[in-house]
Amino acid sequence: MNRRIMGGILVAVIAVVALGILVLLAVLPGHTTGTDAELTATAAMVSPSGDPMGNVAFRQHGDSVLVAVDVHGLTPGGHALAIHSIGSCTPDFQAAGDHFNAAEARRGFIHRNWKREVPYGDHGGDLPNIYAHADGSARADFATDGFTIRLGKKHSLVDEDGASVVIYQEPQRYGEPETADGNRIACGVVQLN
């Protein structure tokens with residue numbers, strides 16, 4: 001056979017294999033569908049005086065949510081980041097309520113890793129700390145399955161009373177006992193895009 005025909009056959013085989021992989025990924029549970037790829041939300045973060053401090057963006061990806069934090073105006077160092085159960089930041093950040101906890105699990109971001117014998121479950125409001133540079137800016141990207149932005153799910157941030165993102169003055173220590181993370185220094189209401 002000549003090289004042109006062989007090259008055409010090879011291209012056709014690669015195209016069929018690629019199409020098969022795409023179809024397989026589309027039907028496997030937990031993988032992103034076209035609907036999920038377009039499901040996004042944002043929380044516009046503000047200071048207690050109402051000054052803009054950046055954004056926290058959410059993108060549904062299968063059963064997880066990709067979270068992208070891009071904020072400024074913080075003191076350098078670590079700060080706790082948490083989802084709160086009420087979509088309100090006014091008249092003060094206490095309006096955001098307690099941590100989001102649809103599973104009614106005990107608090108503690110890493111408790112399952114160091115206390116394996118007790119099945120606590122996920123506490124969806126606990127997120128990793130963020131760390132501000134000397135200029136007060138902080139950027140972080142991570143994924144969580146502690147909540148969703150899909151409508152109609154028990155652990156959805158998008159429900160009748162909404163949800164907020166809160167940044168604290170101090171970092172959390174990640175353990176089971178609740179710690180004093182300092183004042184709430186930034187807040188933003190989660191809004192579907």
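The values are calculated or read from the model by the stated rules, or taken from the named source; none is laboratory data. As the structure is a computational prediction, the values presented were derived from the model and not from experiment. Methodologically, a virtual Cβ is constructed for each residue, glycine included, from the backbone with ideal geometry; neighbour enumeration extends over all protein chains shown. Areas reflect the complete protein model, heavy atoms only, side chains present, ligands, DNA and RNA absent. Shrake-Rupley method; radii C 1.70, N 1.55, O 1.52, S 1.80 Å.
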Of Thr90, Thr75, which residue is open to solvent by 40 Å² or more (accessible area, probe 1.4 Å) and free of Cβ contacts under 8 Å to residues at least 12 places away in the same chain? Thr90
Quick check on my filter: what residues within the range 139-156 are assigned to a loop (DSSP other than H, G, I, E, B) and small (Gly, Ala, Ser)? Gly146, Gly152
The residue that is modelled with the highest pLDDT, considering only those in the range 53-67 that are in a strand (DSSP E or B) and in contact with a helix residue (DSSP H, G or I) (Cβ under 7 Å, 6 or more places away or on another chain), is Gln60
Per-region count, the range 108-135, residues at pLDDT 60 or above and not aromatic (Phe, Trp, Tyr): 12
